[in-house]
Every structure is written in structure tokens, then in C-alpha cells.
1. Shape verdict for region 212-357, please, from the Cα gyration tensor: rounded (a/c under 1.5), prolate (a/b greater than b/c) or oblate.
2. Calculate for the chain the 222 nm mean residue ellipticity that helices alone would give, adding -39,500 (n - 2.57) per DSSP H run of length 4 or more and normalising by residue count, nearest 500 deg cm²/dmol.
3. With both bridge residues required to lie in the chain, what share of the DSSP beta bridges run antiparallel, to the nearest 5%?
4. Within region 263-290, which residues have the backbone N less than 19 Å from the label spot 7 Å out from Glu126 along Cα→beta-carbon, could you tell me?
5. Using DSSP to define loop residues, name the chymotrypsin sites (Phe, Trp or Tyr not before Pro) in region 1-107 whose beta-carbon has at most 12 other beta-carbon atoms within 10 Å.
6. Whole-Hz Karplus ³J(HN,Hα) for region 192-209, in order, using 6.51 cos²θ - 1.76 cosθ + 1.60 and θ = phi - 60°, x for Gly and Pro?
7. About the Cα centre of the chain, how large is the charge dipole given +1 on each Lys and Arg Cβ and -1 on each Asp and Glu Cβ? Please answer in debye to the nearest 20.
8. Please figure out what share of the DSSP beta bridges in region 26-176 is antiparallel and state it in percent, rounded to the nearest 5.
Amino acid sequence: MSSRAPAILVLEDGRVFRGEAYGSVGETFGEAVFNTGMTGYQETLTDPSYYGQVVAQTSPQIGNTGWNDEDDESRRIWVAGYVVRDPARMSSNWRAKRGLEDELASQGVVGICGVDTRALTRHLREAGAMRVGISSRDTDVAALLQKVRNTPHMAGANHVGAVTTSEPYTYEAKETKYTVAALDLGIKRNTPRRLAERGITTTVFPAYAEVDQLLSGNPDAVFLSNGPGDPATADHQVELTRELLRRRVPVFGICFGNQILGRALGLETYKLKFGHRGINQPVLDLRTGKVEITAHNHGFALAKPKANNEQSALKAPESGEFFDTGFGRVQVSHICLNDDVVEGLTCLDVPAYSVQYHPEAAGGPHDADYLFDRLIELIETEGAKTHA
């Protein structure tokens, strides 16, 4: 292995980790978070939801499968920086076209290796996600710490405009049965692929599209995608969603889209201490009692609603538990078994539902893939009501 430049990682609370340059040599800043996935690093790096974040991988060795040209979830790497413990010395996969570090360097992504990522993760779990800097250009800790503390917080950050498409585009199904208009808040490529497998042609629109533009092609439903930043800043998307609900357009949202739907229904959002990021998060489907292992990437969540009888709203739907909104009754459909975070909503009087996690997870797992089938059921049910 070639010699590497020394590098430092400095957290805003003053904690310092030393290592070596990985990827591009330079300096970068963002929010320090950790991802618990043991595989799927290419999907993680190219997920627009990670914009503005420095991602530490808890899995100790990263880069074994190299980098290929098929698994990118968007047009580029979006992470602000990358932290690994033990970078693989060579790629060992028949699909690999080049090494992970080569790709990081070519896209200018500043990283650090040789870091005790277990200690870093434990620190973030205790102290919470926080601002961080990585430098392999200047290893002056005090100077880097001052720069870190001058960077903006993730709370209050509006990053949707930085990751969305500039122009609408269409992903065609081989045999189109239905059409969906997707609002690109940071959409991943596997979403329209999953929809196309079910005969759905998807047209993807910029995040700040107006409702009439979104509905110009008379779509059967609207999809609200995942994305980065603080959902409390997404006022345009929230009002757009309210208008969709007023017009009874079927809506399906995931991740950031779940938070958008929740806000449109009157719920508040809040920042999680260190978030959920990985492909092993257990979620309980309150309708069926089934536990799903799911892929997550979120640092914000919906606040729990109050049920009509002033008890917890997180009971099984068959109990009749719901909360009232300006759009009728809504049930919490899913919760996280690790910390009771709201993981999904189902509207009972308008055609809309959402989940906080990723049913399109390209790196797996695929327990939540059925949620795309549920969209077809919603389209067909609402269509039958319309033509009745």
C-alpha cells in the first residue's frame, strides 16, 4: 500500500481522532453520523439523503467489493466526507470496475482511514450527532476545531434544492399500467426501477414544482421521495402535499416524504439524537403484527400524535386508535422497535400513506418491498371510488 498523508478528524465537542488520508486529500466539514450496514457502501455514498454528512462506517473493513457502474443510486457521491477503519487493499468482486478509494478521489471526496470507528460510534451514540471536520491538508487541531464550530448545524438546514433534478425526466415501464409523478427531494434510482417492475411509469419532477405541473400528465398517484436536511424547512413541499390531499390524489411518501406527509397532516418533526442509518432496523407493522428488517437513513422524525381517547396513538389499528387531522382520521401504521419512533402513517379518509424507511433498498433488505404493491392497491381502490 502506498504511503498516506496523516489526517485528523475533529468533532465540535473537541474529541479528536487521528488517522490517514483516504480518498481525496483536503479538508471537509459536515454532520458526523454512523451507518451500521455491513454491505451496500456504494448505495450509501450515492444516496442524496447523506448530503452534508460525514459518514462513518461501523463495519470495520470497507471497500472489499470495489466500485461498479451499476449500483450508483444517483449521479454522484453526496457524502461530505467518509470515515473507515480498515480500507480493503484490493477489490474482490467480478462486477468491480475500480477501487472504492479511486472513486472517492476522482470525485473529490475527502476521507480518513485508520480511525477507531467503534470508539467514534460509541461517542456519537452518547453525545449525539454533531458537526465535524476532516483534514489531511493541515493537522492543526485547534484551527480545525474553530472551523468546525463556525459551520452551520443540520437542524434548520434546507438541502433539498442542492440534490433535486433541474428538469423533469421519465423512467418508462415496459408495459405501462399506471403513471406516477415523483417529487424529487433526493430520490434514489432504485425507486422508479421498483415501480417499473410493477408496470408503473414514473415522471420525476424538481422539488419546487408547483402542484399543477406535478399533475399535468394526470398521474394516478404522487410519490414523495427521500432526501436530506431538516423537514421543518420544507414548507413548499408541505403545502403542495396538502393540496394533493384536498384533491384526493393518491400519495405515497418515504423517509423525508414521510415527514412531509406528517407535517401536512399537522404533526411536528424533531431531530433525533443520532438517527437511524443502516440496513438492519427492526420495524413493527401495527396492522399485521409483523416485524420487518428495514433500511434507514434519517436524523429527523415525526413527533408522536395524541389519540382521540388521550391514550397512546401507537396501538394496533384494529383497536380503532387514530388521531384527527384536517384531512380526517390517520393511524400510525409502523413504529421502530429500538426506540418507538413513528415509522409510518396511514390516512383513513384520504388516499395517502407513508413510511420513514426505504422499501427500495438496493443493498437490501427487501422486507418492505410490498409497500410498492400497496401503492397499486391504493390507485385501484381510489379509481374505483372515482368511477363509482
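1. Because a/c hits 1.5 or more and a/b fails to exceed b/c, region 212-357 counts as oblate.
2. -6000 deg cm²/dmol, from helical runs alone.
3. Roughly 60 percent of the beta bridges in the chain run antiparallel, per DSSP.
4. Residues 273-275 fall inside that zone.
5. Here the sparse-neighbourhood loop sites are Trp94.
6. x, 5, 4, 5, 5, 4, 9, x, 10, 8, 10, 9, 9, 10, x, 4, 9, 4
7. Values: 40 positive and 50 negative charges, 125 e Å.
So the dipole magnitude of the chain works out to roughly 600 debye.
8. 40 percent
The values are calculated or read from the model by the stated rules, or taken from the named source; none is laboratory data. None of these values were measured; they are calculated from a predicted model. Please note: Cβ atoms are built from the backbone with ideal geometry, for glycine as well, and neighbour counts cover all protein chains shown. Accessible surface is based on the protein model in full, side chains and every heavy atom, while ligands, DNA and RNA are left aside. Shrake-Rupley method; radii C 1.70, N 1.55, O 1.52, S 1.80 Å.
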